[in-house]
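In what follows, a structure is listed as C-alpha cells, so that the remarks can point back to it.
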C-alpha cells in the first residue's frame, strides 16, 4: 500500500508539472537515506538565472499586463521574495541577464517605473548582473563591429544606463538572445571582456548544443565545460543551463538536488555540481500557482520562486550561487 501511495503521488506530481510547466522544487518528495560519505564535503548548488527583456515580439509595448508591465509585476515580486529571504538570513541569490537594454533601462523603466532601477540595485553585491545584446538583436548574425558594440553598450553607454554604470557586481558571462551563438565569435567575446557563455544543454526548448555532442554525464552537465568546435576556434567556457521544463523528468528541483547529493555521497560524482536554471524573468512559474501554503507543501511545482528558496534552505549541503562565484571554485574539466 505504501508503494502504491508513493507511485500515485509521483504520478500526480508529473501530471501537475506537465499541465502547468512551472517545474521547480518539491516539498513533497521523500528524502533518501544516504549511507555513504564520499562526497560529504561537496555541495549541490542551484543557480537561478532571470532573463530580463522588456521588448517583446508577442506582447505589446505598453506598461500594463498586455505589454511589459507584466514583466515589471513578476520581477518586482521576485526581487521582494529574494530581499525578504536575505533579510531573514536565509540563502537566496540569483543572476540577472539583460537583453534590450536600450528599451529596458533606456526608455521603459525611466519613463514608467523609475522605482524599479533602485529596486534592482538592492540586489547588487548579492546577485550578479550579466550581459546580453544591447538591442535584443540576433548578435550571432552580426558583423564584428555590430557584435562588439552590442556588448559594449550593454556594459557602458553614453546615456549612462549600462550594467557597469548601474551595478557593481557585473559578471563576465554572456547570455545570447534566444541562445543563438556562432562559435567563430568566441574570440570576439574575449575581446569584449567576456570569459564564458551561458547556453542551454536541455531536453526542452530552447536547446543549444546537446544534439551536436555526445551525451554528457551528470558531473559534466552540471559543471562548466570548454567549447571548441574546430581546431581554429578560440575555446571558451560554457555554463550549461536547463529549462525549468526539463525538471519534469525529475519530478521537481528538490528531487533532482537529492538525486545529485546521493550520487556525490556514493562517489559517482566527485565534485560540486550546479543545477543551472535560466528562464524569462516574466515567466508565470516564478509566481505561486496557488496561494495556500498547505497546498504548496503537498503539491510540488506550485510555489514558484519561494519554493526554490525554501528547498535550498532545507539542506546544509545545498546553496545558491552565481556564474562568477561558481567559476571561482569549479573550472572546466570537459572539452
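We did not get these values from a lab; they are worked out from the coordinates using the rules stated. Because the structure is a prediction, the values reported are computed rather than measured. Backbone-built Cβ (ideal geometry, glycine too); neighbour counts: all protein chains shown.
When the alpha carbon gyration tensor of region 170-287 is reduced to an equivalent ellipsoid, the three semi-axes, largest first, read 25, 18, 13 Å.
Computed extension length for residue 168-residue 291: 40.7 nm, one decimal, from 0.36 nm per residue of separation with the Cα-Cα distance subtracted.
When the chain is treated as a GNM with alpha-carbon contacts under 10 Å, the residue of 48, 312, 295 showing the greatest mean-square fluctuation is 295. Compared with the dominant principal axis of the Cα atoms in the chain, helix 69-87 is inclined by about 60°.
Relative to the longest principal axis of the Cα atoms of the chain, helix 253-266 runs at roughly 70 degrees.
Note on region 69-165: Rg/Rh from C-alpha atoms, Kirkwood Rh, equals 1.01. Only DSSP H runs of four or more residues enter the estimate; each adds -39500 (n - 2.57), and after division by the residues of the chain the mean residue ellipticity at 222 nm equals -9500 deg cm²/dmol. Taking 17 Å as the cut-off, the amide N atoms of region 53-71 that come nearer than this to a point 7 Å along the Cα-to-beta-carbon line of residue 284 belong to 58-60, 65-71. Approximating the spin labels as points 7 Å out from Cα along Cα→Cβ, the residue 159-to-residue 180 distance works out to 2.3 nm. Based on the Cβ-Cβ distance of residue 124 and residue 40, what FRET efficiency does E = 1/(1 + (r/R0)^6) give at R0 = 30 Å, to the nearest 0.05? Efficiency, from the Cβ-Cβ distance: 0.35. Relative to the longest principal axis of the Cα atoms of the chain, the long axis of helix 144-155 makes an angle of roughly 70 degrees. Taking every DSSP beta bridge that has both ends in the chain, the antiparallel portion is near 10%.
Cα centroids of region 255-293 and region 182-201: 26 Å apart.
Packing, as the average of other Cβ atoms within 10 Å across residues, places the peptides 102-110, 188-196 in the order 102-110, 188-196, highest first. Report the paramagnetic label zone for residue 259: residues of region 304-335 whose backbone N is under 14 Å from a point 7 Å from Cα along the Cα-to-Cβ axis. Flagged as within label range: none.
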